[in-house]
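Structure, as structure tokens:
The values are calculated or read from the model by the stated rules, or taken from the named source; none is laboratory data. What you are looking at is a predicted structure, and each value in this text was computed from that prediction instead of being measured. Cβ placement follows ideal geometry from the backbone for every residue including glycine, while neighbour counts extend to all protein chains displayed.
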Amino acid sequence: MVKIINTSGKRKTAIARATLKAGKGVIRINSVPLETYGSDTTRMKIAEPLLLIPNAVNGIDVTIDVAVAVLWDRQKQSGQHLPVASSSGTTTPR
């Protein structure tokens, strides 16, 4: 049986979910391999902790999905209210 580790973290309105499982040592962020993700500076910042422990992800595939709740944040700042589900299943504005 293959062991899979799931974890998540949150900062401000961003949520990151990481999955680690046995594999070839591939690191993906939002389905993009780390080698092609963002700019050189971004890649170096992301890879820095991995360089501190050599061979840390050898044989482990790391998949990271990052989502930012921009819509919720913009509506909250503008004073708009999102609909809230009631116990009867209908939605009513707050």
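Worth a mention:
- Restricting segment 24-60 to residues that are touching a Pro at 6+ places or on another chain (Cβ under 9 Å) and of a type in the set (Val, Ile, Thr), the residue that is surrounded by the most Cβ atoms within 10 Å (Cβ to Cβ): 27
- All positions within segment 46-79 that are outside any helix (DSSP H, G or I), within 17 Å of the chain's Cα centre (by Cα) and modelled with pLDDT of 85 or more: 61, 62, 63, 64, 65, 66, 67, 68
- Taking first residues from segment 1-28 that are within 21 Å of residue 59 (Cβ to Cβ) and partners that are outside any strand (DSSP E or B) and of a type in the set (D, E, K, R), the Cβ contacts under 8 Å between residues at least 6 apart in sequence or on separate chains come to 21/3; 22/3.
- Flag if residue 26 is among the β-branched types (Val, Ile, Thr), within 14 Å of the chain's Cα centre (by Cα) and closer than 15 Å to residue 65 by Cα: no
- Residue that is surrounded by the fewest Cβ atoms within 10 Å (Cβ to Cβ) [pool: residues in segment 1-23 that are over 17 Å from the mean Cα position of the chain (by Cα) and hydrophobic (A, V, I, L, M, F, W, C)]: 1
- The residues on offer are 9, 25, 38, and the sole one that is out of contact with any helix residue (DSSP H, G or I) (no Cβ under 6 Å at 6 or more places or on another chain), in a loop (DSSP other than H, G, I, E, B) and over 20 Å from residue 55 (Cβ atoms) is 38.
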